[in-house]
Amino acid sequence: MFMDELTKINLLYDFYGDFLTEKQREIFELHFLNDLSLGEIAENYGVTRQGVYDIVKRAQDILTEYEEKLGMVRRFAGLEKKVEKILQSLKELEPGLSEDYRIRIRKICDDVASLLKEGGE
């Protein structure tokens with residue numbers, strides 16, 4: 001695929017995590033975002049390791065199903081590649097321009113890059 005598995009899982013969660021139940025979100029975050037083992041989570045919740053595994057697996061399946069149907073992560077990755085190419089092209093133009101235009105290009109690059117990093121906020 002276009003990215004490592006952990007990055008893919010985290011992106012899927014970013015895009016579709018709201019579709020999980022509260023318990024699925026909590027356990028998913030503990031495992032993938034806070035790096036707790038299944039055993040640690042099981043101990044904290046008073047359930048079996050297998051129970052935690054089942055919740056994590058089900059959450060991953062749900063996220064994957066949404067991606068298969070909606071393709072938002074795939075489209076985001078494609079958009080990200082296109083934006084990176086545009087930014088690179090702008091940076092290549094910079095040396096031949098006057099200082100005023102270089103400052104303007106840097107501002108445009110910063111604005112465009114922030115769209116990817118922060119969702120435009």
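The values are calculated or read from the model by the stated rules, or taken from the named source; none is laboratory data. On a predicted model such as this, the values are computed, not experimentally measured, just so you know. Cβ placement follows ideal geometry from the backbone for every residue including glycine, while neighbour counts extend to all protein chains displayed. Ligands, DNA and RNA are stripped out before the accessible areas are found, and what is left, the full protein with its side chains, is counted by its heavy atoms. Shrake-Rupley method; radii C 1.70, N 1.55, O 1.52, S 1.80 Å.
I'm trying to understand the selection: among the residues of the stretch 3-23, which are within 10 Å of the chain's Cα centre (by Cα), open to solvent by 30 Å² or more (accessible area, probe 1.4 Å) and under 20 Å from K69 (Cβ atoms)?
Within the stretch 3-23, K8, N10, L11, D14, F15 meet the criteria.
Can you say whether E43 is open to solvent by 30 Å² or more (accessible area, probe 1.4 Å) and in a helix (DSSP H, G or I), as far as the supplied structure shows?
So E43 passes the test.
So E92 ticks every box in (1) open to solvent by 90 Å² or more (accessible area, probe 1.4 Å); (2) at pLDDT 90 or above but one. Which box is left unticked?
Here E92 clears every test but (2).
Taking into account only those residues within the stretch 95-119 that are under 19 Å from the mean Cα position of the chain (by Cα) and farther than 17 Å from N10 by Cα, which is modelled with the lowest pLDDT?
Taking the candidates together, the pick is L115.
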